[in-house]
Each structure stands twice: as C-alpha cells, then as structure tokens.
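First the structure, in the form of structure tokens, and then the observations on it.
The values are calculated or read from the model by the stated rules, or taken from the named source; none is laboratory data. These numbers come from a predicted model, not from an experiment. Here the Cβ positions follow ideal geometry from the backbone for every residue, glycine too, while neighbour counts run over all protein chains shown.
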Amino acid sequence: MNIVIIGAKGMLGSMLASVFTDAKSVLLDREEIDITNAQSVREVLMPLQPDVIINAAAYTNVDAAEEHKDDAFLVNETGVKNLADVASMMDATLVHFSTDYVFPGDKQDGYSEADSPGPAVNVYGQSKLAGERALVESGCKFYLVRTAWLYGPNGKNFVDTMIELGKTKKNLSVVNDQFGSPTFTKDLAQFVRSLLENQEPFGIYHGVNTGSASWFEFAEMIFTIVPGMKVDVKPVSSAEFPRPAKRPQYSILKHTKGPEFRDWKDALREYLA
Ligand SMILES: NC(=O)c1ccc[n+]([C@@H]2O[C@H](COP(=O)([O-])OP(=O)(O)OC[C@H]3O[C@@H](n4cnc5c(N)ncnc54)[C@H](OP(=O)(O)O)[C@@H]3O)[C@@H](O)[C@H]2O)c1
C-alpha cells in the first residue's frame, strides 16, 4: 500500500509517520505541498499515485481562527476539497480528521457518528465542518475520523502544558465545566492503521480514547500519574477563563464503530511513563 501522509511534521502527522514506518509511505508537510493550492496538490500527488492519502494538515489555532476566518476556511475547507478532488481522480482513499468542535456542545452524554453536526460554536469548528461537507460531497473514497483533545509528542497540547506549569507552580486553576474525550495520538494513529488494514467500510468514525473528563479531571489525573509533582488543582468555571473562541460545553465523542480504543487514563499513563 502506497501511503502519503500530509502534515507529517504536526502532532498527529508525526505519530502517523511513526506508526506507518514499515509501509511504503511518503511524508509531506508545508515545504513540499500547499493543500490550499489545487495546482500544488495535483503536481505533488499525481506522480506519486498513492493508494491512500492521509491528511493531518489543518489550520488548528482555535483562538486565532476567530480573527483569521478566511485563512481557517482556506486550509480546512478548500484544502480538503483540493485533496478530495485529486483522490477522486486517482481513485485513492482519503483519510481526513475532524473535530468534536463541529457539534454545538449541548448534548450531555456525547455525540455518536450517527449524530448530525452543526451548528459549530466557533470559527474553527465551522471551517472543519465545511471541510467535512466538502469531503462527503466530493464522492471520493474516504474515512472521516473525528477526534478530540489530542495529546502526544511534537505538538502543543494540554498534557505537556500542565507538566510545564507544574514544574514552577504549586496551585493551578482549571476549568471544570467543559467535558470531552482526551485522546493519545498513538492510539488514533493505530486506529487509522486498523481501519485501512481491516478494510473497514468507508465513512465517518469517531477516533477517541474511551471515557470522558472535564479539563479539571484531566489535569488532576496528570498530576496523580506523574511522580513527585505536588500540584493543587482548583476547579473553576469557564467564565473565569474568557478566550477569543467559545468552547463547547459537552463535546464528548462516542466511539461506536470500528476498532476498539483503550480507556483514556490507560493511554495517558503510557504517554507519561
Ligand atoms: N490537536 C487537537 O486537540 C485536535 C482535536 C481535534 C481534531 N484535531 C484535528 O486533527 C488533525 C491534526 O491536528 P494536529 O493538532 O496534529 O495539527 P498540527 O500539530 O497543527 O499540525 C498541522 C500540520 O499541518 C501543516 N499545515 C498547515 N497548513 C498547511 C498547508 N496549507 N499545506 C500543508 N501543510 C499545512 C502545519 O504546518 P505549520 O506548522 O507550518 O502550520 C502542521 O505541520 C487536524 O485535522 C485537526 O483539526 C486536532
């Protein structure tokens, strides 16, 4: 299987690259391809004739997207359309990632693959939803994998931020009224590999570790696992932490199809080991 991984220097892309090392894979990032440019996408991908294109490239700065709406849509909608068009031309399978932020965040027990997304609560979510629609309408063979609250090596993430803060602070306030699905990039990358190897049906999947937590519970678990880090974590409301982009309150993703995921706490233990 010839695989191209785009966004290979990002947090998820770099993990995908390490999970597919034994496959015939080509790693691309911004230096080699600009997914917002249809010509660049055609010129780079057509000669490679991949069986599978995995797109981990995206505009991921949630707060900056509020002021840079056009940039977010260019990457997260037009970029996906460009890739889907080329995938259709080559009859390649496109694996693409989306987010819990495509949902409004008002469903307390979480969203399954069968739930219809929208309206999204912020510009980033709107741009990712537009990308989902472009992918579905393209008619290409696709796996659309929604994920959430990702952490892993090579990227800015909540776990690393907490550990850094914990080195210098004894007290931290963390939001306790937003709930989601913490997910290790390693588990997600292996999930993608299983989808491809098992030739699971094309369509929409939720790729998240099992279980859910608030950011406060997530932080508490991090400091419980890391030995010797005595940090007192205080639960606070989102109102105490205003941010440019609104966050959904309940954005738990329910994983009801495809290969199993382990519990989020077990995945976190491995990452922190
Ligand atoms: N991180 C999360 O918590 C999270 C949650 C839910 C869903 N997701 C989704 O998961 C996927 C991976 O996210 P991530 O956090 O791993 O992303 P990331 O670390 O920000 O990596 C994205 C990569 O894409 C590259 N890129 C951006 N624009 C590009 C363009 N026009 N052409 C080519 N490459 C471009 C970036 O390069 P530069 O660094 O140079 O910009 C970067 O290397 C995304 O689809 C994201 O929406 C992430």
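The table for this structure:
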read-out	value
Any chance Val75 is touching a strand residue (DSSP E or B) at 6+ places or on another chain (Cβ under 9 Å) and of a type in the set (A, V, I, L, M)	no
Checking Pro244 against (1) in a loop (DSSP other than H, G, I, E, B); (2) under 19 Å from the mean Cα position of the chain (by Cα); (3) more than 16 Å from the ligand (Cβ to nearest atom), the condition it does not meet	(2)
Filter pass, Val102 being of a type in the set (A, V, I, L, M), surrounded by fewer than 24 Cβ atoms within 10 Å (Cβ to Cβ) and at pLDDT 95 or above	no
Test for Phe261: is it in contact with a His (Cβ under 8 Å, 6 or more places away or on another chain), more than 20 Å from Val102 (Cα to Cα) and surrounded by 14 or more Cβ atoms within 10 Å (Cβ to Cβ)	yes
Subset of the stretch 82-119 (residues that are touching a Ser or Thr at 6+ places or on another chain (Cβ under 8 Å), part of a loop (DSSP other than H, G, I, E, B) and small (Gly, Ala, Ser))	Gly105, Gly110, Ser112, Ala114
Condition check for Tyr143: farther than 18 Å from Val62 by Cα, surrounded by 15 or more Cβ atoms within 10 Å (Cβ to Cβ) and not hydrophobic (A, V, I, L, M, F, W, C)	yes
Qualifying residue in the stretch 151-161 (condition: away from the ligand (no atom under 16 Å from the Cβ) and either surrounded by fewer than 24 Cβ atoms within 10 Å (Cβ to Cβ) or within 25 Å of Ala84 (Cβ to Cβ) (or both))	no
The stretch 3-39, subset modelled with pLDDT of 95 or more and over 21 Å from the mean Cα position of the chain (by Cα), residue surrounded by the fewest Cβ atoms within 10 Å (Cβ to Cβ)	Glu31
